[in-house]
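The structure under discussion appears below in the form of structure tokens.
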Amino acid sequence: MASLDLSKNLVELTLDVCNIESVSGSEQVLADAVYDALNAFSHLEVTRDADCVVARTNLGRERVIIAGHLDTVPPSGNLPAQLHHFEREQTIVGRGSVDMKGGIAVMLKLAAELSNPKKDITWIFYDHEEVDSSLNGLGRLSRNHPELLEGSFAILCEPSSGLVEGGCNGTMRALVSAEGKAAHSARPWMGENAIHAASGILNTLVSYQPQTIAVEGLDYRESLNAVRVSGGIAGNVIPDSAKVEVNYRFAPSKNAKDAEAHLRELFADFELEVVDSAEGARPGLDSDLAKDFLSATNTVAKPKYGWTDVARFSALGIPAVNYGPGDPSLAHADNENVPVGHLFDVESGLRSWLAP
């Protein structure tokens, strides 16, 4: 049975959290350890929904939420995690160190030590973030126990290199189809090649100029790209159908309906089917709580280009930002690693904001 000692220093705790393997769908052992460790502290009310653990202070003060996911993608020869020394910097190398067990360790350390915070805090450690959104533990918690997601401001400890990233872009995937007529490839003039017709789709993508859109003082860079192409059934058949899957990352000033309308206008000559979409989140930096947080962490907010669960908080009417240790470009990489300095910077920033 795995256990966590929250009295350990932050580096040791991060290593311990990383080394309890918790690939999506197998979070129970880590969730058990988190639940048991937090239950030892009388200032916390600890509850659980499947493999999502929630710990709350109840001091009658304004409430904020700090959240992070327990699961990781599968390891790739990068467990157990280890402490390395690179020139002048100590780094923890291993699966989950960036995405996002470094952030989880910071949360656990602060949850244990902040018994009388300036604000009531809801700490959420949730499951199934790295897989289909319908399984997401934060989403499930919002359905099963919406009262546990009440708060004035939320922080998601996703990797952000210790910087504050406001909101996030929305994302949409769509299949754009070109139709043709099947024929034997020895007599192509008797058919119409759908893959050739799909060049119109690709040409639109090549010539597309993505926008950079300012939203509440942050510049969100959009993108539109082909991510998959399919078509044809055999090497001697002129294909009668071809599909290009496109991914549109759109600024949080747009909603999914706006994004779909934009794609349909771009590909007006083709059939288009939206297969997946997720709304973005506005920066949420105009409240007094957000301004106090930026001041306490001594950071200047930047936009978040990738989609994160801050959008779930935004949909609930809770302004939310990303703030966590680790370079997000190293998430899921075989050389995933988090500088020890990031861990202490984020721990210090949150403590400055929350401690009395």
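Only the coordinates and a few stated rules stand behind these numbers; no lab work does. Bear in mind the structure is a predicted one, so any value in this text is a computation, not a measurement. For neighbour counting, all protein chains shown are included, and Cβ atoms are generated from backbone atoms with ideal geometry for every residue, glycine included.
Would you mind ranking Met190, Met172 so that the residue whose beta carbon has the fewest other beta carbons within 10 Å leads the list? Please list the in-between numbers first.
Values: Met190 11, Met172 22.
Arranged by neighbour count, lowest to highest, Met190, Met172 become Met190, Met172.
Running a GNM on the chain with Cα contacts under 10 Å, which residue among Val34, Val237, Val17 ends up with the highest mean-square fluctuation?
Its mean-square fluctuation being the largest, the pick is Val237.
If you project the alpha carbons of the range 170-278 onto their three principal axes, what span does each projection cover, largest first, in Å?
Sorted largest first, the three principal extents are 59, 23, 20 Å.
Have a look at the DSSP beta bridges in the chain and tell me what percent are antiparallel, nearest 5. It would help to have the intermediate numbers written out before the result.
Values: 52 of 69 bridges.
The antiparallel fraction comes to roughly 75 percent.
Arranged from highest to lowest average of other beta-carbon atoms within 10 Å per residue, in what order do the peptides 51-63, 334-346 appear?
Numbers: 51-63: 18.8, 334-346: 20.5.
The most tightly packed comes first, giving 334-346, 51-63.
Take every Cα pair under 8 Å in the chain that's 6+ residues apart, average their separations, divide by the length, and report that relative contact order as a whole percent.
Numbers: 850 pairs, mean separation 81.5, N = 356.
Dividing the mean separation by the residue count of the chain yields 23 percent.
In what sequence do Lys302, Lys181, Lys119 fall when counting other Cβ within 10 Å, fewest first?
Values: Lys302 16, Lys181 13, Lys119 19.
Ascending number of Cβ neighbours within 10 Å: Lys181, Lys302, Lys119.
How big is the dipole moment of the range 153-310 about its Cα centre under a simple scheme where the beta carbon of each Lys and Arg is +1, that of each Asp and Glu is -1, and everything else is neutral? Debye, nearest 20, please.
On the way: 14 positive and 21 negative charges, 84 e Å.
Here the range 153-310 has a charge dipole of around 400 debye.
Using the Cα centre as the reference, give the magnitude of the dipole from point charges on the C-beta atoms of the chain (Lys, Arg: +1; Asp, Glu: -1; all else neutral), rounded to the nearest 20 debye.
On the way: 29 positive and 49 negative charges, 92 e Å.
In debye, rounded to 20, the chain gives about 440.
Considering the chain as a Gaussian network with a 10 Å cut-off on Cα pairs, which listed residue, Pro283, Pro75, Pro319, attains the greatest mean-square fluctuation?
Pro75
Hey, which of these cross-link pairs are over 28 Å Cα-Cα: Lys257/Lys304; Lys101/Lys257; Lys119/Lys257; Lys118/Lys302; Lys243/Lys302? If you can, show how the numbers build up before the last one.
Details: Lys257/Lys304 21 Å; Lys101/Lys257 35 Å; Lys119/Lys257 37 Å; Lys118/Lys302 26 Å; Lys243/Lys302 36 Å.
Too far apart for the 28 Å limit: Lys101/Lys257; Lys119/Lys257; Lys243/Lys302.
Taking the convex hull of the alpha carbon atoms in the range 73-128, what volume per residue do you get, in Å³? Walk me through the numbers before you get to the answer.
Working: hull volume 6.4 nm³, N = 56.
Spelled out: Cα convex hull of the range 73-128, divided by residues, is 114 Å³.
Placing +1 at every Lys and Arg Cβ and -1 at every Asp and Glu Cβ, with all other atoms neutral, what dipole size does the range 78-235 have around its Cα centre, in debye to the nearest 20?
On the way: 13 positive and 18 negative charges, 92 e Å.
Here the range 78-235 has a charge dipole of around 440 debye.
Give me the net charge for the shell around Pro303: Cβ to Cβ below 13 angstrom, other residues only, Lys and Arg +1, Asp and Glu -1. Don't jump to the answer; show the numbers that get you there.
Numbers: positive: Arg221, Arg249, Arg282, Lys302, Lys304; negative: Glu165, Glu216, Asp219, Glu222.
After counting each charged neighbour, the total is +1.
Cα axis of helix 256-266 to longest principal axis of the chain: angle in degrees, 0 to 90, nearest 10?
30
Among Leu330, Trp123, Val274, whose Cα sits farthest toward the positive end of the charge dipole of the chain (+1 at Cβ of Lys/Arg, -1 at Cβ of Asp/Glu, about the Cα centre)?
So the residue we want is Val274.
Classify the range 252-344 from the C-alpha gyration tensor, please: rounded if a/c falls under 1.5, else prolate or oblate depending on whether a/b exceeds b/c. Before the final figure, lay out each step's value.
Values: a/c = 3.14, a/b = 1.56, b/c = 2.02.
It is oblate, given that a/c is not under 1.5 and a/b is not larger than b/c.
Could you work out [θ]222 nm for the chain from helices alone, using -39500 (n - 2.57) per DSSP H run of at least four and dividing by all its residues? Round to the nearest 500 deg cm²/dmol.
-7500 deg cm²/dmol
Find, to one decimal place in angstroms, the Kirkwood hydrodynamic radius of the chain, where the mean of 1/r is taken over every pair of different Cα atoms and then inverted. Write out the running numbers ahead of the final one.
On the way: mean 1/r = 0.0457 Å⁻¹.
Computed over Cα pairs of the chain, the Kirkwood hydrodynamic radius comes out at 21.9 Å.
Net charge around Ala183, counting only other residues with Cβ within less than 15 Å of its Cβ (Lys, Arg = +1; Asp, Glu = -1)? Before the final figure, lay out the partial values.
Working: positive: Lys181, Arg187; negative: Glu179, Glu192, Asp240.
Result for the local shell: -1.
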